[in-house]
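A short reminder: the numbers here are calculations on the coordinates, not readings from a lab. Since this is a predicted model, take the numbers as computed values, not measurements. Positions of Cβ are backbone-derived with ideal geometry, glycine not excepted, and every protein chain shown enters the neighbour counts.
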Amino acid sequence: MAQSLELLLIQFLMPDNDARRQAEDQIKRLAKDPQVVPSLIHHLRTAKTPNVRQLAAVLLRKKITGHWGKLSPQLRQLVKQSLIESITVEHSPPVRRASANVVSIIAKYAVPAGEWPDLLPFLFQCSQSAQEEHREVALILFSSLTETIGNSFRPYFADLQSLLLKCLQDETSNRVRVASLKAVGSFLEFTHDEAEVIKFREFIPSILNVSRQCLASGEEDVAVIAFEIFDELIESLLLFLGNL
């Protein structure tokens, strides 16, 4: 399947509408077989062009939920390891983010079942990496995973809050600061614990600082997100404290 699928992925990206439709029909047929998962993983890791690698990840994200339970433990491990490798060594940001989206979906099933115990330690490690790309993708994953397996973070919540605050204050990367800001928003939406919410008081100066930086650099959409998170935080604090 791997060789024929590679040709179809390339054909799918062609500008010719007829060729693209033909490729789409054949990909849909192949995607009914659980063996499409290792084939897509193969192309995610080995395809020469970023567009093909990204397409493989996008298709994997769409199909992994239906096929995950049908895969052998060995194949599941292969998928998880390959995605981790894609996140850490991939040079293309769109491919890296597409791989992170697949990780988020698999984690929804694997982490609560105890089948991915090294995922959270890996994310903590990435978030403290010297490489900007690793820190950013770890924060993106913390944000998306909070929406699906937030309860799994409970034992590490204090550590996560410290990490998010540190990343909000990252002096070398605006991308890391923005990713941390969005992760803070996800955590605020998730938690209703008084002690956890009150801890976020320390974040207010950093959130406002990120919003000012984004306005200064013309990133108005991110600044809007920052102000929305600020408002949500203030409302949550008022709920518990009555006043600041």
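Summary of values
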item: Per-residue HN-Hα couplings for region 60-67 [Karplus 6.51, -1.76, 1.60; θ = phi - 60°; Hz; x = Gly/Pro]; result: 4, 4, 6, 9, 5, 4, x, 9
item: Across 28/70; 63/166; 63/199; 108/182; 48/70; 70/182, pairs whose alpha-carbon gap is larger than 27 Å; result: 63/166; 63/199; 48/70; 70/182
item: Hz values of 3J(HN,Hα) by residue in region 81-96 - Karplus curve (6.51, -1.76, 1.60), Gly and Pro given as x; result: 5, 5, 5, 4, 5, 4, 5, 8, 10, 5, 8, 8, x, x, 5, 4
item: Value of relative contact order over region 1-114, rounded to a whole percent, pairs C-alpha under 8 Å and six or more apart; result: 24
item: The chain: angle of helix 204-216 to the longest principal axis, Cα-based, in degrees nearest 10; result: 60
item: Matching label, Rg/Rh (Cα atoms, Kirkwood Rh) computed from the structure shown, candidates (1) 1.13; (2) 1.03; (3) 0.96; result: (2)
item: Relative contact order, percent, the chain [alpha-carbon distance under 8 Å, six or more residues apart]; result: 11
item: Rounded to whole Hz, the Karplus (6.51, -1.76, 1.60) HN-Hα couplings of region 186-197, x for glycine and proline; result: 5, 5, 5, 5, 7, 8, 10, 7, 4, 5, 5, 5
item: Exposure proxy order (Cβ contacts within 10 Å, fewest to most) of 91, 67; result: 91, 67
item: Cβ crowding within 10 Å averaged over residues, with 55-61, 119-125, 41-47 ranked highest first; result: 55-61, 41-47, 119-125
